[in-house]
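What follows is a set of notes on a single structure, which appears directly below.
The values are calculated or read from the model by the stated rules, or taken from the named source; none is laboratory data. Predicted, not measured: the structure shown is a model, and the values here were computed from it. Quick reminder, even Gly has a Cβ in these numbers, built from the backbone with ideal geometry, and neighbours come from all protein chains shown. Surface areas here come from the heavy atoms of the whole protein model, side chains and all, with no ligands, DNA or RNA. Shrake-Rupley method; radii C 1.70, N 1.55, O 1.52, S 1.80 Å.
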Amino acid sequence: MLYPLSYEGRRRRGGETPPTRFESSAGRGHPHWAMTVQPRLGEAVATALTRLGVEATAADVHLERPQRPEHGDWSTNAALVLSRRAGKQPREVAISLVEMLNEAPPEHVTGVEVAGPGFVNFRLAPTWLYEVLREVVAEGEEHYASPDLGHGEKVQVEFVSANPTGPVHVGNGWFGSYGDALARIMSRTGWDVSREYYVNDTGNQMRELGASLLARRRGEEVSESGYKGEYVAELAQQYDGPDDVEQAGRFAADKILAEIRKTLSSLGIEFDVWYSQASIEESGRVEETVGILRERGHVFDSDGAVWLRSTAFGDARDRVLIRSDGVPTYLAGDLAYHRNKFLERGFDRVIDVLGADHHGQVASLKAGVEALGVDPERLEIRLGQLISLVGERMSKRSGHYVALSTLIETLGPDATRLLSLTSSIDQATTLDLDVVRKQSAENPVFYIQYAHARIASIGRVAAERGISRQPLDSVELDPLVHPRELQVLRDLSDLPRVVADAAVDRAPFKVTNWLRGLAADFHGFYHDCRIMDEGIAEELTEARLWLVEATRIGLAIGLALLGVQAPESM
RNA sequence: GCCCUCGUAGCUCAGCGGAUAGAGCACCGGCCUCCGGAGCCGGGUGCGCAGGUUCGAGUCCUGCCGAGGGCGCCA
């Protein structure tokens, strides 16, 4: 399977528990907590169902953590889902199930009950959360919440790829943060990820850029179709080459690209490969690709042009590959590029992150890829909704845009990144820069980072007071019974699942949401539970210090996945 | 005209077909002799509209309304 449709889907189809670190830890000799509660509950439910005459495996049993505490710690809708198979009413199945489970409850379970239309709710002793804490600490920042979902599949994430005709604007930064965070998340979950920036350094726009620069150098007006931004004038002053649009264009593009790279780098975004479109054209791969398509029988000639019969692959109309003047179209170059990705460099999967304004390219690109003999399912195109700016659209040609570098200077890199990582890229966003500036102090990133800094501060205070943590193996966690403490541990128990969902759904914002929740619950814990004080028993201090350490690990993992700093102080 | 995406609280956004739809911001009140108050606690309004699918729909399907984007021998 190339791509798991969903984490749940994998489990059901695979008939096995998700490949989390829990299993690997079992192999490293931690039998006591080698298996977390979730799979144990699944097994117990499946066994009970089977004994009731309903064929079921653990993979059939969907377990979730209910929203409401009164619904217990874990819940399953198995009775609802399987009632038809059982030929009984859901509640009837649920009641039998509960009776059976109560006869010999799984470890940690203190009660099983039927609720609502047929949910089966489990109440657990806090001990299950102590296992979570030990798990987090043992696995640490490196390994906790790093399920192997990708199995080493080679995936390329191409993102930003802004034309080198002007500085990157906030819209580019938006998708840049997204693509980079996605790459980080997929790397953690077992994919072999390569980040790529496609440099569109050919064609009319390069000549247009060169012409704009030359016009500026002569002190003339830039033509209507040219690039009017101030940066062109600045570049014109640096250019001492000949009056040649090609050369001037290349000069400008090189300078601009260096600037783009610098800006993205200041956001923590680095690419493995910067791929030049010009290099593809010069290598002859475009003609070669058209030739291959012709050999495969998907090309025809008409009106002096060369066409791809893309309608054969679901496109709304056929597309021109080579214009009647002999110049290849953008699509031809793009297909040569994608042939290179799949067939020359051997990526199993390619994710192109594009703005919704590229929507029109999707059908023909997919059709062309399929015509080349590549399963189009391997090409995944994530269209992000455009970022508009208080009603006006950003455009490099008009010079009307907000430079990403300006936003970074205003907000700082972390807040800038979080701006786009708090919501799905499917969400169309209108940025009001005044509001953004005003709210920058309330950016959620500071709330999360504050929790991390606070933990570092606790460590400093502990050191001052000569309190050091004892090895976790020798520490009893039973003193952790406060609702605030248990809530933090529940959050931590969710992280592997959250990371998996974020990877499979290509949705980094899920990590952000989880971080906000953990930070909130940690702040609550911190407020209500003194860690080191005269009235606090030594054992409680020990346990709480480990709770704090586990929280730090969780925060560090989440922040790293978003590419945001985890500061020791603020 | 056709196609795609999106419509959830005043604003920015969450919500694997499940139980009483949640956060943040804004607004109003509380809480520091304290390990960092960039914090904690309390306060209320909402699924664009109409059908359908089913035990159950914010979630899936159809139509309508609204917003953005796309439908080049441009890139």
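Distance in nm between label sites at A:ALA278 and A:VAL81, each 7 Å beyond Cα in the beta-carbon direction?
It works out to 5.5 nm between the two label points.
Kindly state, to the nearest 0.05, the FRET efficiency for A:GLU141 paired with A:THR430, given R0 = 51 Å and r defined as their beta-carbon distance. Spell out each step's value before the answer.
Working: r = 37 Å, r/R0 = 0.72.
The pair A:GLU141/A:THR430 has a calculated efficiency of 0.85.
Which peptide among A:376-383, A:140-147 comes first, and what is the full order, when sorted by highest mean count of other Cβ atoms within 10 Å? Spell out each step's value before the answer.
Values: A:376-383: 16.8, A:140-147: 18.6.
So the order, starting with the most tightly packed, is A:140-147, A:376-383.
About its Cα centre, how strong a charge dipole does chain A have in debye, to the nearest 20, once Lys and Arg get +1 and Asp and Glu get -1 at the Cβ?
On the way: 62 positive and 84 negative charges, 149 e Å.
The dipole of chain A has a size of about 720 debye.
Tell me, what is the per residue accessible area of the range A:442-562 in Å², probe radius 1.4 Å?
Numbers: 4840 Å² over 121 residues.
Heavy-atom accessible area per residue stands at 40 Å².
For chain A, what number of Lys pairs, 8 or more residues apart or on separate chains, have alpha-carbon atoms under 18 Å from each other? Don't jump to the answer; show the numbers that get you there.
Working: A:LYS154/A:LYS341; A:LYS228/A:LYS255; A:LYS228/A:LYS396; A:LYS255/A:LYS396; A:LYS341/A:LYS366.
Lysine pair count for chain A: 5.
How large is the Kirkwood hydrodynamic radius of the range A:442-562, in angstrom, based on all distinct alpha carbon pairs? Walk me through the numbers on the way to the answer.
On the way: mean 1/r = 0.0668 Å⁻¹.
Kirkwood hydrodynamic radius for the range A:442-562: 15.0 Å.
For the range A:341-500, what is the per residue volume of the convex hull drawn over the alpha-carbon atoms, in cubic angstrom? Please list the in-between numbers first.
Working: hull volume 37.9 nm³, N = 160.
Residue-normalised Cα hull volume stands at 237 Å³.
Tell me, what is the 1.4 Å probe accessible area of A:SER457, in Å² to the nearest 10?
40 Å²
Any chance you could check the Cα centroid distance between the range A:226-262 and the range A:467-525 for me, in angstrom?
Centre-to-centre (Cα) distance: 50 Å.
Placing +1 on the Cβ of each Lys and Arg and -1 on the Cβ of each Asp and Glu in chain A, which of A:TRP128, A:THR36, A:THR430 has its Cα farthest towards the positive end of the resulting dipole?
A:THR430
Put +1 on the Cβ of each Lys and Arg and -1 on the Cβ of each Asp and Glu in chain A; which of A:ILE408, A:GLY203, A:LEU365 then has its Cα farthest toward the positive end of the dipole?
Of A:ILE408, A:GLY203, A:LEU365, it is A:LEU365.
Keeping all protein chains in position, work out how much accessible area A:GLU281 exposes to a 1.4 Å probe, and write it in Å² to the nearest 10.
80 Å²
Share of chain A's accessible area from carbon and sulfur, percent, 1.4 Å?
Details: 11890 of 24930 Å².
That fraction is 48 percent.
How much accessible area does A:ILE531 have with a 1.4 Å probe, in Å² rounded to the nearest 10?
10 Å²
For chain A, with the dipole built from +1 on Lys and Arg beta-carbon atoms and -1 on Asp and Glu ones, taken about the Cα centre, which of A:VAL155, A:LEU472, A:VAL98 lies farthest toward the positive end?
A:VAL98
In terms of solvent-accessible area of protein heavy atoms at a 1.4 angstrom probe, what is the ranking of A:PHE522, A:PHE509, highest value first?
Numbers: A:PHE522 0, A:PHE509 45 Å².
Highest to lowest solvent-accessible surface, that is A:PHE509, A:PHE522.
Taking only protein heavy atoms into account and a 1.4 Å probe, give the accessible area per residue of the range A:220-327 in Å². Show your work: numbers first, answer last.
Values: 6050 Å² over 108 residues.
Per residue, the range A:220-327 has an accessible area of 56 Å².
Counting helices only, and only those DSSP H runs with n ≥ 4, report the 222 nm mean residue ellipticity of chain A as the sum of -39,500 (n - 2.57) divided by its residues, in deg cm²/dmol to the nearest 500.
Working: 21 runs with 287 residues, N = 570.
Value at 222 nm, helices only, nearest 500: -16000 deg cm²/dmol.
Using unit Cβ charges (K, R positive; D, E negative) and no other charged atoms, how large, in debye to the nearest 20, is the dipole of the range A:52-181 about its Cα centre?
Numbers: 9 positive and 19 negative charges, 118 e Å.
The dipole magnitude comes to about 560 debye.
Given R₀ = 45 Å, what would the calculated FRET efficiency be for A:LEU343 paired with A:ASP473, taking r from the Cβ atoms and rounding to 0.05?
Working: r = 52 Å, r/R0 = 1.17.
The formula returns an efficiency of 0.30 here.
For the range A:236-345, run through the trypsin sites (Lys or Arg not before Pro) and keep only the ones in DSSP coil with at most 15 other Cβ atoms within 10 Å of their Cβ. Spell out each step's value before the answer.
Values: sites: A:ARG250, A:LYS255, A:ARG261, A:LYS262, A:ARG285, A:ARG294, A:ARG296, A:ARG309, A:ARG317, A:ARG319, A:ARG323, A:ARG339, A:LYS341, A:ARG345; in loops: A:ARG296, A:ARG309, A:ARG317, A:ARG323, A:ARG345.
Sparse-neighbourhood loop trypsin sites (Lys or Arg not before Pro): A:ARG296, A:ARG317, A:ARG323, A:ARG345.
Quick one: dipole size for the range A:442-562, taken about the Cα centre, charges +1 on Lys/Arg Cβ and -1 on Asp/Glu Cβ, in debye to the nearest 20. Can you show the working numbers first?
Values: 13 positive and 18 negative charges, 112 e Å.
That gives a dipole near 540 debye.
Leaving ligands and nucleic acids out of the surface, order A:ASP414, A:ASP254 by accessible area at 1.4 Å, largest first. Don't skip to the end; give the middle numbers.
Details: A:ASP414 30, A:ASP254 100 Å².
Largest accessible area first, the residues go A:ASP254, A:ASP414.
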